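Worksheet for the structure shown next.
The values are calculated or read from the model by the stated rules, or taken from the named source; none is laboratory data. Here the structure is a predicted model, which is why all the values come from computation and not from measurement. Reconstructed Cβ throughout: ideal geometry from the backbone, glycine too, with neighbour counts over all protein chains shown. Side chains included, ligands, DNA and RNA excluded: accessible areas come from the protein's heavy atoms. Shrake-Rupley method; radii C 1.70, N 1.55, O 1.52, S 1.80 Å.
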Amino acid sequence: MAVVQQVLFLTTLAVAIFLIGKRVSRIKSNIQLGKPTPLTGSQSARWRNVLLIAFGQKKMFKRIIPAFLHFWIYIGFIIINLEVLEFILDGLLGTHRLFAPWLGGLYHLLMNFFEFLAIAVLASCVVFLFRRNILKVKRFWSAEMTAWPRLDGNLILVIEIALMLAILTMNASDQVLQSRDGHYVHTGRLFFSALLMPLFEGLGTP
């Protein structure tokens, strides 16, 4: 049964990589439509702009409240990808909580930190949905924000909320299993997902 699960996971991962690869290829071809422009000015200044604007997302920090919320989403997704790496390796190798035995007590601290970030991302996305659709902030309803850009923004936020809830519910159900089976890999108590444990404690019991 474990081998079947690994094959299914590998197949799903391969399909996802294929679809992402096609998307990246399309974006690359669109970028290559641009014409080369002679570079002028300081090379160090250009690299600074790349770091501040492309990686540091400098433009999104112009307004205090959106900047604060964007910060948690941006940092949360970067760091939570470390946990996603464990998901992928567990799926491919047929293991569970692969990093836990290696990291010991640090694993417990990291999982709680990741959950804090997941809550911060989730809360930020909810606020952004409220600002977009209830408060109807003017720039989200301007002429250039036609039906698709508006829908696209909402879809991204909803998907992000679903992903964060998936992580929290996975950890909550995992802690229930840990309490039932002494041989299950123990993570220690995870504060935020532990609040969801009562929803799962009755599942799978006669």
- Task: State whether region 35-146 is rounded, prolate or oblate according to the following rule on the C-alpha gyration tensor (a ≥ b ≥ c being the square roots of its eigenvalues): a/c under 1.5 gives rounded; otherwise a/b larger than b/c gives prolate, and the remaining case gives oblate.
- Result: oblate
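Give me the percent of accessible area attributable to carbon and sulfur for region 75-151, probe 1.4 angstrom. Show your work: numbers first, answer last.
Working: 3420 of 4410 Å².
Carbon and sulfur together cover 78 percent of it.
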- With a sphere of radius 14 Å drawn around the Cβ of Leu129, what net charge do the other residues whose Cβ falls strictly inside it have (Lys, Arg +1; Asp, Glu -1)? +2
- How many nm separate the modelled label positions at Leu129 and Val7, each set 7 Å beyond the Cα in the direction of the Cβ? 3.8
- Item | Pairs of Lys in the chain closer than 30 Å at Cα, counting only those 8 or more apart or on different chains | 14
- Expressed as a whole number of Å, what is the distance separating the alpha-carbon centroids of region 8-48 and region 88-116? 30
- Message: With a 10 Å cut-off between alpha carbons and a GNM built on the chain, which of Asn112, Asn81, Asn30 moves the most?
- Response: Asn30
- Message: Multiplying the sequence separation of Val158 and Lys136 by 0.36 nm and subtracting their Cα-Cα distance, what value in nm do you get?
- Response: 6.2 nm
- Query: By per-residue mean of other Cβ atoms within 10 Å, what is the highest-first order of 98-109, 163-174, 140-151?
  - Reply: 163-174, 98-109, 140-151
- Query: How many nm separate the modelled label positions at Met170 and Arg23, each set 7 Å beyond the Cα in the direction of the Cβ?
  - Reply: 1.7
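Given Cα positions, please report Rg to Rh for the chain, the hydrodynamic radius being the Kirkwood one. All intermediate terms of the calculation are to be shown ahead of the outcome.
Working: Rg = 21.2 Å, Rh = 20.5 Å.
Checking Rg against Rh, the ratio lands at 1.03.
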- Task: Take the Cα pairs of region 131-182, get the Kirkwood Rh, then feed it into Stokes-Einstein at 37 °C and 0.692 mPa s and tell me D in µm²/s.
- Result: 241
- With Val158 itself left out, Lys, Arg at +1 and Asp, Glu at -1 over residues whose Cβ is under 14 Å from its Cβ give 0
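Work out the FRET efficiency for Ile78 and Arg150 from their Cβ-Cβ distance, taking R0 = 30 Å, and round it to the nearest 0.05.
So, using R0 = 30 Å, E works out to roughly 0.70.
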- Message: Mean-square fluctuation check for the chain, GNM, Cα pairs under 10 Å: which of Val50, Val137, Val24 is largest?
- Response: Val24
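Count the net charge of all other residues whose Cβ sits under 11 Å from the Cβ of Glu83, scoring Lys and Arg as +1 and Asp and Glu as -1.
Summing Lys and Arg as +1 and Asp and Glu as -1 gives -2.
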